Each structure stands twice: as C-alpha cells, then as structure tokens.
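The values are calculated or read from the model by the stated rules, or taken from the named source; none is laboratory data. Computed from a predicted model, the values in this text were never measured in an experiment. Note that we place each Cβ from the backbone using ideal geometry, even for glycine, and neighbour counts take in every protein chain shown. These accessible areas exclude ligands, DNA and RNA; they are computed on the full protein's heavy atoms, side chains included. Shrake-Rupley method; radii C 1.70, N 1.55, O 1.52, S 1.80 Å.
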Amino acid sequence: MSARVARIRLHRVDVPLLRPFVTAVRRTDHVPAVLVEVVDSDGRSGWGEAAASWRVTGESPAGIAAAVRGPVRDAVVGLPVEDPRVWGPAVRGSVVGNAAARSAVDCALWDLAAQATGQPLAVRLGGAAVDLETDMTLSAGAPEDLLARAREHVGEGFRTIKVKVSGAESDARALVLLRRELGDDLVLRVDANQAWGVEQAVATIRGWERVGVGLQLVEQPVAAGDVEGLAAVRAAVDTRVLADESVWDTRDLLEVLRAEAADDVNLKLAKTGGLTEALAMAAIARDAGLGVVVGCMMESHVAVGASAALASTLDGATTTAQDLDAGLWLSASPVAGGLTYRGPVIEAMTAPGLGIRGLAPGAAASELAG
C-alpha cells in the first residue's frame, strides 16, 4: 500500500540577509521563511516554502498558516503521496488565491513523491540532476555602488547580472557605466518591477539601445495589470521583454500570449501556486515559442531548490542563466541538506527528493499555529 499524507507542520524561521534587498517595490533585510513540512504515513518529510510579502504575494505568515492548516490540509490529508494527478488538483482547488501557501504544500508533496521513487526531484519532474547557472541581482542604488558590487560578483564567476531599477535618471548612467567598465561579455538584465509607464519604458529602453548598452532583456517594465501596455512596449523596442508580475497562472500566461505582450516569461512558484501549475505553464510557453526563465522571490534554499528542479526541465536549462540567486543573499540556510551553491553554480541535487534532512542545527525556528 502506498504512503499517504499524514500531517502537516509549519515552521517560521527569520533569516537575516547579508545585505539589504532593494527594489522599486520594497526594501528588506531579512527573509521571514515559512517552511511547510508534509509528513507521510511512512514517516518521510517533504519540504516546501511559502513566500510571505504583503507587497508582492499579499500573504503573511499568519495567513499562510491559516490556509495551510485549514483548507489545504483538509484537501490533501489521506491522499497517496506518489500520484500528483490526485493531490495536484486537490491543492489547486483547496482555496482561492493564497498562491504561496498552496505552492509550499504542492512542492512538499512533489518532494515526497520523488522520495517515494528514490529519485531526485529534478528527475521526478522530467528533468535531470544537473548543475545550473544563476544570475546575480544588484539592488537599486547609485551607479558607482552598482559598479563596485558588479565587479565583486564578476570576480566570483558570475556571467549574468540583473540590475533593479526604479526609474531614476541615475539608472541610465549606471547601465552605461556597467557596460563600459565590465565589457561586452557580461550579460546584463534589467528589472523595473513595474516602475514605469509605457512612454517612460519605451524612452528608457530605446535610450539604452541607442548608446549600445546591449541588454539581454528588460523585466516587467510596466504595471502588472497593464498587459496591453506591456505589448505596446514590446512592439516599440528591440530588447526582449520578460513578463513577471503580469503572469501568475495559466490564465495570465494565455492573456500575455494573446496580446503578444512578451518575448519571455519569469515563472515563480510563489505566483503559480507550486510546481504542478508551473510545469503546465512551462509546456504552454515552450509550445508557443516563449522563452522561460525560472525565478524566485526573496526565499530560502527550500523554495529555490524546488525552483531549480523546475528549471532542470527546460530546454537549454544548462546554457541559460536562471534567476535563482536568493539563497546567496541569506546569512545561512534554514535547513540541513538540500540546495548548495558554488559561486554562480547551483550544484546538481542527486539525493532523493530535495535532499533536505530537516531544520538546520541552531536554526531559530518556531512552529506556526493556524
């Protein structure tokens, strides 16, 4: 008889960052990691993580706990862990919204399903246990500070740098400075985090094109709900446009495709509600000729590990830098085992599932009630 979902535990771990993370939307100096541990009837634990951010996901630790311990738990307890065709729809239909909470449980169940077959999660998802490359993000800041940090990261082996911009005039100077000082081999990406209107986005991107900054892509230049505006920007510039906040689920992805609003899409598990939906979205994007980058929120090694497993299923996974640097911002991992970095490389995870053995020794964790 196959193992079944027995119970769910939630752990809150506040992990300090090595440096503040600053975007056009928010600033933070720690990660309020909400870890979900799903235990099956054989005593195995699967792990997932819910990103708590009022400004991004709209979810708090207390709200995540209420959703997981309430409707999501009620939907999955007793189900066989080895069959995502059973628990995948159960998680998706358990509660409206609450994508991060659903994602944590969905990922934990995928972890258990992989452990049950003795496979790394990447292999269970249809990918391979391989090394992956990530970019490194630079928080919004003064041009000289950005250059100093970029030099440091290039020295560590990073070949792709993503710059957070806020719409300030200094952004243009920063990108020109980075390209001039660091050379043409460095891949540069820009993330506006919805900071611009259509006219400003077009003017800014065209300006960078005229002076030869040579961006690989510009991420989410306009407001998430302005898909027509996103399409207008894409039509007016030569630089690739990547949709992030505009795409949470399959319905959003299809709307972006209908409007021809993006060249690429950033899939984040905290938006999609987990691996089940993300796998379906990646297939739709591939069939439509849309590029896929797997990204993350400011999350710990648990969520990033699941995201890396998803990235391993993509065409060109080992040749395109993913957007999975969040674990490198943390002062420590909250768990023992799991994802590890070697500079810009996310090392292949070959243990069954996510390879997480439990909470890290000394992790200041508390169990969340709900």
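Could you tell me whether any residue of the stretch 311-323 is assigned to a helix (DSSP H, G or I) and crowded, with 24+ Cβ neighbours inside 10 Å? Yes, some residue in the stretch 311-323 is assigned to a helix (DSSP H, G or I) and crowded, with 24+ Cβ neighbours inside 10 Å.
Only residues that are part of a helix (DSSP H, G or I) and not β-branched (Val, Ile, Thr) were counted in the stretch 220-241, giving 8. Here residue 334 clears all of (1) within 26 Å of residue 241 (Cβ to Cβ); (2) open to solvent by less than 10 Å² (accessible area, probe 1.4 Å) except the condition numbered (1). Scanning the stretch 166-180 for residues that are in contact with a helix residue (DSSP H, G or I) (Cβ under 7 Å, 6 or more places away or on another chain), under 23 Å from residue 323 (Cα atoms) and not small (Gly, Ala, Ser) yields a count of 3.
Just so you know, in the stretch 154-172 the residues that are within 19 Å of the chain's Cα centre (by Cα) and over 11 Å from residue 188 (Cβ atoms) include one that is modelled with the highest pLDDT, and it is 158.
Conditions (1) over 23 Å from residue 282 (Cα atoms); (2) touching an Asp or Glu at 6+ places or on another chain (Cβ under 8 Å); (3) outside any helix (DSSP H, G or I); (4) open to solvent by 30 Å² or more (accessible area, probe 1.4 Å), marked per residue:
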{"position": "70", "(1), (2), (3), (4)": "yes, no, no, no"}
{"position": "97", "(1), (2), (3), (4)": "no, no, yes, yes"}
{"position": "100", "(1), (2), (3), (4)": "no, yes, no, no"}
{"position": "123", "(1), (2), (3), (4)": "no, no, no, yes"}
{"position": "126", "(1), (2), (3), (4)": "no, no, yes, yes"}
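Would you confirm, using the coordinates I've provided, whether residue 77 is surrounded by fewer than 20 Cβ atoms within 10 Å (Cβ to Cβ) and out of contact with any strand residue (DSSP E or B) (no Cβ under 9 Å at 6 or more places or on another chain)? Considered against the rule, which asks whether it is surrounded by fewer than 20 Cβ atoms within 10 Å (Cβ to Cβ) and out of contact with any strand residue (DSSP E or B) (no Cβ under 9 Å at 6 or more places or on another chain), residue 77 comes out as no. Residues of the stretch 246-258 that are under 18 Å from residue 193 (Cα atoms), open to solvent by 20 Å² or more (accessible area, probe 1.4 Å) and either in contact with a Lys or Arg (Cβ under 6 Å, 6 or more places away or on another chain) or among the hydroxyl-bearing types (Ser, Thr, Tyr) (or both): 248 alone. Residue count for the stretch 269-289, restricted to those that are open to solvent by 20 Å² or more (accessible area, probe 1.4 Å) and in contact with a helix residue (DSSP H, G or I) (Cβ under 9 Å, 6 or more places away or on another chain): 6. Filtered by the rule that a residue be aliphatic (A, V, I, L, M), farther than 12 Å from residue 121 by Cα and over 17 Å from the mean Cα position of the chain (by Cα), the stretch 294-353 gives 332, 335, 336.
Taking residues in the stretch 337-348 that are at positive phi and outside any loop (DSSP other than H, G, I, E, B), and partners anywhere that are open to solvent by less than 40 Å² (accessible area, probe 1.4 Å) and not acidic (Asp, Glu), the pairs with Cβ atoms closer than 8 Å and at least 6 places apart or on different chains are 337/354; 337/355; 337/356; 337/358. Annotation note: of 357, 342, the sole residue that is at pLDDT 95 or above, among the basic types (Lys, Arg), out of contact with any strand residue (DSSP E or B) (no Cβ under 7 Å at 6 or more places or on another chain) and surrounded by fewer than 21 Cβ atoms within 10 Å (Cβ to Cβ) is 342. Within the option set 243, 236, 261, being in contact (Cβ under 8 Å) with a residue 12 or more places away in the chain, at negative phi, open to solvent by 20 Å² or more (accessible area, probe 1.4 Å) and small (Gly, Ala, Ser) holds for one residue only, 236.
Evaluate the stretch 14-29: report whether one residue or more is open to solvent by 10 Å² or more (accessible area, probe 1.4 Å), touching a helix residue (DSSP H, G or I) at 6+ places or on another chain (Cβ under 7 Å) and free of Cβ contacts under 8 Å to residues at least 60 places away in the same chain. No: the stretch 14-29 contains no residue that is open to solvent by 10 Å² or more (accessible area, probe 1.4 Å), touching a helix residue (DSSP H, G or I) at 6+ places or on another chain (Cβ under 7 Å) and free of Cβ contacts under 8 Å to residues at least 60 places away in the same chain. For the stretch 242-271, a tally of residues being assigned to a helix (DSSP H, G or I) and either touching a strand residue (DSSP E or B) at 6+ places or on another chain (Cβ under 6 Å) or over 17 Å from residue 322 (Cα atoms) (or both) returns 10.
The one condition from (1) modelled with pLDDT under 95; (2) under 30 Å from residue 58 (Cα atoms); (3) surrounded by 17 or more Cβ atoms within 10 Å (Cβ to Cβ); (4) not acidic (Asp, Glu) that residue 147 does not meet is (2).
Might you check whether a residue that is of a type in the set (Asp, Glu), under 30 Å from residue 338 (Cα atoms) and surrounded by fewer than 23 Cβ atoms within 10 Å (Cβ to Cβ) occurs anywhere in the stretch 172-185? The answer is no; no qualifying residue exists.
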